[in-house]
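This report concerns only the one structure given below.
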Amino acid sequence: MLMKERRNIAILGSTGSIGRQTLDIMTEYPTLFNPWLLTANSSADLLIEQARKHLPAYVVIAKENLYEKVRDALSDLPICVHSGSEAISQLVTSNEVDTVVTAMVGYSGLESTIAAINANKDIALANKETLVVAGQLITELLKHSHSALYPVDSEHGAFYQCLVGERREDVTKLILTASGGPFRNTPIEQLPYMTAADALKHPNWDMGAKITIDSATMMNKGFEMLEAKWLFGIDHDRIEIVVHPQSIVHSMVEFCDGSVKAQLGLPDMHLPIRYALGLPGKRLVTDSHKMTIDDYCNLTFERPDFEKFPLLTAAYTAARQGGNLACIMNAANEVAVAAFLHDRIHFTQIHDIVAKTMAGVPFIASPSYDDYVATNNEARSYAESLIQ
Ligand code: MG
């Protein structure tokens, strides 16, 4: 088959942290990639700026009341402007699209990811909540699709690289590394007094606000455990979380002969994005800064503190019980994190709200897509009612 010169990339959530870094990679490899579709939720100004610079065929602003602003600002360019989340789900199925980068935040990524899978598109998955919320459904859909799911998350990119050339049945354990977040050394009794500004000072990674708070509570690592379970078909009791404050070892895989493979690199999201976009099987050459011995001469590892970070336990509970429980957990967490970012609740109340919502919203053992949608709405209202 004759390969096209450039792959058309749909970047869902181009104005977020991963979306912006994906556009950096588009700029780094102009002969390989063409940003065909850019979408944003509500960051109209940045979307307009990105569209003027990268000239995609389409842009979508999800918030409909911003449509005219974006359309008018791009009216002198040959760019089609749409609005609404339905437009995103339709455009990702276009014959023109080769790869979909799902970089939107939270539950909002689910619908368009399902549309992309049903249209047999390759997906560079940066929206981990999709697998957290509906891993069972996504896994089922992938069985009947030609799409491949390539992880963008640095830890899952590490697992992927460690598993190249290995038989899945030889894997005995996935060892998921965690930086420990900004409160790793904060005494547990001080946690209730930590503010959003404190939590947003992440030691290693430059990320969006939502994931940075998830990193501070370690919910992010719980999500990544669930993401790994579904991506690699490994049960939660064979996924171990290890705190590694330097964020140089991105994760490890243990095999049946006792051997352990690790993947290392600088904590820079451009690396896993570059790897995911090179797949299948091609590494992209880069001139960007490489690791030196100063970066890895002092690597340390420690066990996570489940008492201090109880959302880790919540995630394992959700993995063990399955059904819609992780969907409930995710919805409650989204509501609680937003409330914390607006100084409406204390840091430790994030867990309280998640735990109460997980206990309060009805459990469904084998949810359909409609059940996930209903569960998400119900859990959000339930969590909101706890915040008043
Ligand atoms: Mg990660």
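Each value in this text was obtained by applying a stated rule to the coordinates, not by laboratory testing. Note that this is a predicted model, so its numbers are computed, not measured. Reconstructed Cβ throughout: ideal geometry from the backbone, glycine too, with neighbour counts over all protein chains shown.
Multiply the residue separation of SER385 and ASN120 by 0.36 nm, subtract the distance between their alpha-carbon atoms, and state the gained length in nm to one decimal. Each step should come with its number before you reach the end.
Values: separation 265, 0.36 × 265 = 95.40 nm, distance 3.98 nm.
Net length gain for the segment: 91.4 nm.
With a cut-off of 14 Å, note down the residues of the stretch 255-278 whose backbone N falls inside the zone around a label point 7 Å from the Cα of LYS173 toward its beta carbon.
255-262
Specify whether the C-alpha gyration tensor of the stretch 322-388 places it in the rounded, prolate or oblate class, a ≥ b ≥ c being the square roots of the eigenvalues: rounded for a/c under 1.5, otherwise prolate if a/b is larger than b/c and oblate if not.
Cα axes put the stretch 322-388 in the prolate bin.
Which is the longest stretch in the chain that no exposed loop site breaks, taking sites as GluC sites (Glu not before Pro) with a DSSP loop state and at most 10 other Cβ atoms within 10 Å?
The reported range is 6-306.
For the stretch 13-21, just list the computed ³J(HN,Hα) in residue order, Karplus coefficients 6.51, -1.76 and 1.60, θ = phi - 60°, integers in Hz, with x standing in for Gly and Pro.
Along the stretch 13-21, the couplings run x, 6, 8, x, 4, 5, x, 5, 6 Hz.
Would the stretch 153-319 count as rounded, prolate or oblate if I go by the C-alpha gyration tensor, calling it rounded below 1.5 in a/c and otherwise prolate when a/b exceeds b/c, oblate otherwise?
Oblate shape, in that a/c is at least 1.5 and b/c is the bigger or equal ratio.
Please label the shape of the chain as rounded, prolate or oblate, based on the square roots a ≥ b ≥ c of the eigenvalues of the alpha-carbon gyration tensor (a/c under 1.5 means rounded; beyond that, a/b larger than b/c means prolate, else oblate).
rounded
Out of residues 5 or more away from GLN263 or on other chains, whose amide H comes under 5 Å of its own, with H placed 1.01 Å from N in the peptide plane?
HIS250, SER251
How big is the dipole moment of the chain about its Cα centre under a simple scheme where the beta carbon of each Lys and Arg is +1, that of each Asp and Glu is -1, and everything else is neutral? Debye, nearest 20, please.
Result for the chain is approximately 420 debye, rounded to the nearest 20.
Just grab the label-to-label distance for VAL285 and GLU140, each label 7 Å out from Cα along the Cβ direction, in nm (one decimal).
4.7 nm
Would you mind telling me the antiparallel percentage of the DSSP bridges in the stretch 167-282, rounded to 5?
The antiparallel fraction comes to roughly 65 percent.
What trypsin sites (Lys or Arg not before Pro) does the stretch 313-357 have in DSSP loop regions with at most 16 other beta carbons within 10 Å?
Working: sites: ARG320, ARG344, LYS356; in loops: ARG344.
Sparse-neighbourhood loop trypsin sites (Lys or Arg not before Pro): ARG344.
What number, rounded to the nearest 500 deg cm²/dmol, is the helix-based mean residue ellipticity at 222 nm of the chain, given -39500 (n - 2.57) per DSSP H run of at least four residues and division by all its residues?
Theoretical 222 nm ellipticity from helices: -13000 deg cm²/dmol.
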